[in-house]
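Taken together, the values in this text are just the output of simple stated rules run on the coordinates, not laboratory data. This structure is a prediction, so every number in the text was calculated from the model and none was measured. Cβ placement follows ideal geometry from the backbone for every residue including glycine, while neighbour counts extend to all protein chains displayed.
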Ligand SMILES: [Zn+2]
């Protein structure tokens, strides 16, 4: 079983940036602590090339006829030149409400990670709306990134948009390092790493996530040059920002793309994180975070966040595209989940908090990753077998801003998290044949 990347870089969430690292992203990719500073609130790039895509599309339409118009919608993913300035997005009109502005500032200063007293529903709606900006996801890719690679990414985004609705603004960054025979160390650093780092850092700066452009570019040039194979990471939105910009970047996307539909699947996995993040609107609870507790108004423990992203990505791929690896990957996950239970007796509750995660990783290297992804994916399959397939997306996440994750969990699924832990532990003792019957019962099309 290849290395399971633990999302250890969650430390970054302290100041509103959290990085989720996916299985397979190599250690080389986690050299930097990913703690981005939030300083500037007044920098926006003028978008000189805003109409560029329009002219290109118009020219193509003249040549090829009208079907292209029908194909492009307000959320259709688009590629953009690495040298283009970052698009200028606008905040929803509710953000100009002076009393909202004051409240957001107060909440930001308090760093309590929870809604204010009183009727906060309109504020919550305003923040959620900001994360559903009517804007096309933008893909920044170097020349070494293959056309098929970009197509696979676009497919993943489109499936995500169809099932989860639009989240954004969203930018994606692809470096073209190839793990193949030609590189001296088994891979070639992409010669456009600096240009990609520039596009990446310009975006971070334009949407208030990082201030020092030159330091950022130098850090990320080094990082992109070292990216090997294969993985992706997600950066969540800045707290209380009218532009809830999110981004992903990939390691070894060309290699991933050559491995069948895995790049599409990982894109969907990351897109599910954007959906989860869209309901994480009250910032970070610094005290809870420092105490290693699960924050109330977060998507829940890391296993739940990752288990949902991984399981839903696999299931949705299976249902939307006949993804052939759904069954085989879930079987691998089950072997891993059964192994960790049998060998170490470890459960999801053991990795609920950061102290728990540290303890588990001392017991067994990589056990944390197995629990967050493998055991948790099966816990989610089991959960859906009990409550139905639409509850996670439709009932759980949308209630988190109002109830916090624990109460939202109870309301959506009709059981507390502790009751669920007990049930999952019993489920993990089922015979393998009975467990696999749940997998066989997943309908291919809904
Ligand atoms: Zn993830």
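Quick one: length gained pulling residue 134 to residue 363 fully straight, 0.36 nm per residue minus the C-alpha distance? Intermediate values should be presented prior to the final figure.
On the way: separation 229, 0.36 × 229 = 82.44 nm, distance 4.64 nm.
Full extension from residue 134 to residue 363 adds 77.8 nm.
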**OP:** Could you work out how far the C-alpha centroid of region 264-303 sits from that of region 130-165, in angstrom?
**Re:** 21 Å
**OP:** For residue 188 paired with residue 386, estimate the spin-label separation in nm (one decimal), with each label point 7 Å from Cα along the Cα-to-Cβ line.
**Re:** 5.2 nm
Original post:
Taking 0.36 nm per intervening residue step and subtracting the Cα-Cα distance, what contour gain separates residue 88 from residue 109 on full extension?
Top reply: 4.9 nm
Subject >> Spin-label pair residue 151/residue 423, simplified geometry with 7 Å Cα→Cβ offset, distance in nm >> reply: 4.2 nm
Original post:
Label residue 259 and residue 121 with points 7 Å out from Cα along Cα→Cβ: what is the distance between them in nm?
Top reply: 4.6 nm
Subject >> Paired Rg and Dmax values of region 122-240, which use every Cα atom, in angstrom >> reply: 16.2, 57
Subject >> Tensor-based shape of region 296-446 (alpha-carbon gyration tensor, a/c under 1.5 rounded, otherwise prolate or oblate) >> reply: oblate
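Equivalent ellipsoid semi-axes for region 255-371, as square roots of 5 times the alpha carbon gyration tensor eigenvalues: give them largest first, rounded to whole Å.
Taking √(5λ) for each Cα gyration eigenvalue gives 27, 21, 11 Å.
Could you give the length gained on full extension between residue 416 and residue 76, defined as 0.36 nm per residue of separation minus the Cα-Cα distance, in nm?
Working: separation 340, 0.36 × 340 = 122.40 nm, distance 3.89 nm.
Full extension of this stretch gives 118.5 nm more.
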